[in-house]
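Asks: I'd like to ask some things about the structure below.
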């Protein structure tokens, strides 16, 4: 079964795709957003192409588990995905996913690679998706 994951941001939204059989994800696009609003037509095209069983959206929380300022916006984005496309949307803790994504990019290409931020968000979406796989082996 195919699953899409989103790393929500106010200016950029990372997208990843994965399959439950191999429990791995791979980065897709990083979508531009204006004040948290993506181009819904692009998301519709992604859903039509990949035909995911459901969607995972990263839930931004502070280290201590409390909500951040962006948490409500991410939850609203997840709700809009569910309503606009009539698809199951699940939220998953994304604490430190962007930090981990930046670390991976830095290890692979150094500081210059890190300056090219377009891959950070889609890699963070992969990290969110793979984290969801590892925490939900029996709940798919």
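The values are calculated or read from the model by the stated rules, or taken from the named source; none is laboratory data. Remember, predicted model here, so these are calculated numbers, not experimental data. Every residue, glycine as well, gets a Cβ built from its backbone with ideal geometry; the counts of neighbours run over all protein chains shown.
Asks: Which one of these does residue 96 not meet: (1) touching a strand residue (DSSP E or B) at 6+ places or on another chain (Cβ under 9 Å); (2) modelled with pLDDT under 95; (3) more than 17 Å from residue 30 (Cβ to Cβ); (4) surrounded by fewer than 17 Cβ atoms within 10 Å (Cβ to Cβ)?
Replies: Status for residue 96: all satisfied but (1).
Asks: Another question, then. I'd like to know if the stretch 80-92 contains one or more residues that are under 22 Å from residue 119 (Cβ atoms), at pLDDT below 95, touching a strand residue (DSSP E or B) at 6+ places or on another chain (Cβ under 8 Å) and crowded, with 17+ Cβ neighbours inside 10 Å.
Replies: yes
Asks: Which is closer than 24 Å to residue 20 by Cα, at pLDDT below 90, in a helix (DSSP H, G or I) and in contact with a helix residue (DSSP H, G or I) (Cβ under 8 Å, 6 or more places away or on another chain), of 113, 101?
Replies: Step by step, each of 113, 101 is checked, and only 101 is closer than 24 Å to residue 20 by Cα, at pLDDT below 90, in a helix (DSSP H, G or I) and in contact with a helix residue (DSSP H, G or I) (Cβ under 8 Å, 6 or more places away or on another chain).
Asks: Looking at the stretch 66-88 only, could you name the residues that are free of Cβ contacts under 8 Å to residues at least 24 places away in the same chain and outside any helix (DSSP H, G or I)?
Replies: Those that are free of Cβ contacts under 8 Å to residues at least 24 places away in the same chain and outside any helix (DSSP H, G or I): 66, 67, 68, 69, 86.
Asks: If I go through the stretch 27-48 residue by residue, how many of them are farther than 21 Å from residue 60 by Cβ and surrounded by fewer than 12 Cβ atoms within 10 Å (Cβ to Cβ)?
Replies: 3
Asks: Condition test on residue 43, is it in contact with a helix residue (DSSP H, G or I) (Cβ under 8 Å, 6 or more places away or on another chain), at pLDDT 85 or above, within 17 Å of residue 5 (Cβ to Cβ) and assigned to a helix (DSSP H, G or I)?
Replies: yes
Asks: Looking at (1) outside any strand (DSSP E or B); (2) closer than 20 Å to residue 124 by Cβ, can you tell me which one residue 3 breaks?
Replies: (1)
Asks: Could you look through the stretch 11-39, keep only residues that are modelled with pLDDT under 95 and part of a loop (DSSP other than H, G, I, E, B), and pick out the one that is farthest from residue 126 (Cα to Cα)?
Replies: 35
Asks: (1) at pLDDT 75 or above; (2) within 23 Å of residue 50 (Cα to Cα): which one isn't true of residue 118, the others all being true?
Replies: (1)
Asks: Separate question: Could you list, ordered by first residue, the pairs with Cβ atoms under 8 Å in which the first is in the stretch 116-133 and within 20 Å of residue 91 (Cα to Cα) and the second is modelled with pLDDT of 85 or more and in a helix (DSSP H, G or I), at least 6 apart or interchain?
Replies: Close Cβ pairs (under 8 Å, with a partner that is modelled with pLDDT of 85 or more and in a helix (DSSP H, G or I)) do not exist here.
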